[in-house]
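A short worksheet on the structure shown next.
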Amino acid sequence: MIPWSKITFLGDSVVMLPAAAAIIVWLVAGRAWRMAFWWGLLFTTGLALVAITKIAFIGWGIGISALDFTGISGHAMRAAAVLPVIGWLTLQRSAVPARMFGVTLGLALGGLVMISRVALDYHSVSEGVAGFLLGTAISLGFIRVSAGLTKPRLNRWLLAFTLLGLFPTSYAEPAPTNQWVHAVALYLSGHDCPYVRGSTRFAEPAPPKACRT
């Protein structure tokens, strides 16, 4: 049986946000200031789009009923954005085919995270695919932009140290991002109850037990 719960955790904020921060550390340490800027901008934009789509549905019931879409999958977006870039940067001293293999492997892992979100019923197919495509656009967009910039002088020891430092996060508790998004959505909308997928309507208020007091 495929351990979908373990695969889906790979895209959790507690794992991917430190990994995204590690990329910035690598680039800054390698004096690749413009690459660090572009990575921060692209990844932050992805996080913002995920949050906006989720807040829009939870707070106001705004989604796409025909696609069963209530918000972009953050797990799929983060995995597809971060993992290919890690593969690209860690193999920067290798030949292009090897670097492309690193990117492809990262995208494949991101795809598995996307599938796990759907398999575990956390997201619909449209939400998982949207997250994967957004993350892919971020990672490939960054690689495209960085191709025209000076290559960073990455320190292999720094790469190894930070990657090993990320290992303990695989045993951490999942980040309570959903609770944070719910709180922000309710605060901004002024509603007492979040919108949820309904059995008879696409979006309907959650039952009283799910509402804040």
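Taking the helices alone, the chain has a mean residue ellipticity at 222 nm of -22000 deg cm²/dmol, built from -39,500 (n - 2.57) per DSSP H run of at least 4 residues and averaged over all its residues. If you build a Gaussian network model of the chain, linking Cα atoms that sit under 10 Å apart, which residue out of Gly11, Gly110, Gly46 swings the most? Residue with maximal mean-square fluctuation among Gly11, Gly110, Gly46: Gly46. Putting +1 on Lys and Arg Cβ atoms and -1 on Asp and Glu Cβ atoms, find which of Ser126, Val50, Trp88 reaches farthest to the positive end of the dipole of segment 4-178. Looking along the dipole axis, the top candidate is Trp88. Overall, the chain carries a charge dipole of about 800 debye about its Cα centre when +1 sits on the Cβ of Lys and Arg and -1 on the Cβ of Asp and Glu, all other atoms neutral.
For segment 74-186, taking the reciprocal of the average inverse distance between every pair of different Cα atoms yields a Kirkwood hydrodynamic radius of 15.5 Å.
Each 5 Å bin, from zero up to the one with the longest distance, holds this percent of the alpha carbon pairs of the chain: 1, 7, 14, 18, 18, 15, 11, 7, 5, 3, 1, 0. If you line up the long axis of helix 177-189 against the longest principal axis of the chain, both from Cα atoms, how many degrees apart are they, to the nearest 10? Compared with the principal axis, the helix lies near 50 degrees. Sorting the segments 68-78, 115-125, 50-60 by their residues' average number of neighbouring beta-carbon atoms within 10 angstrom, most packed first, yields 68-78, 50-60, 115-125.
Read-outs: derived from the displayed coordinates by stated rules, not from any lab. What you see is a predicted model, and the numbers here were worked out from it, not measured in a lab. For neighbour counting, all protein chains shown are included, and Cβ atoms are generated from backbone atoms with ideal geometry for every residue, glycine included.
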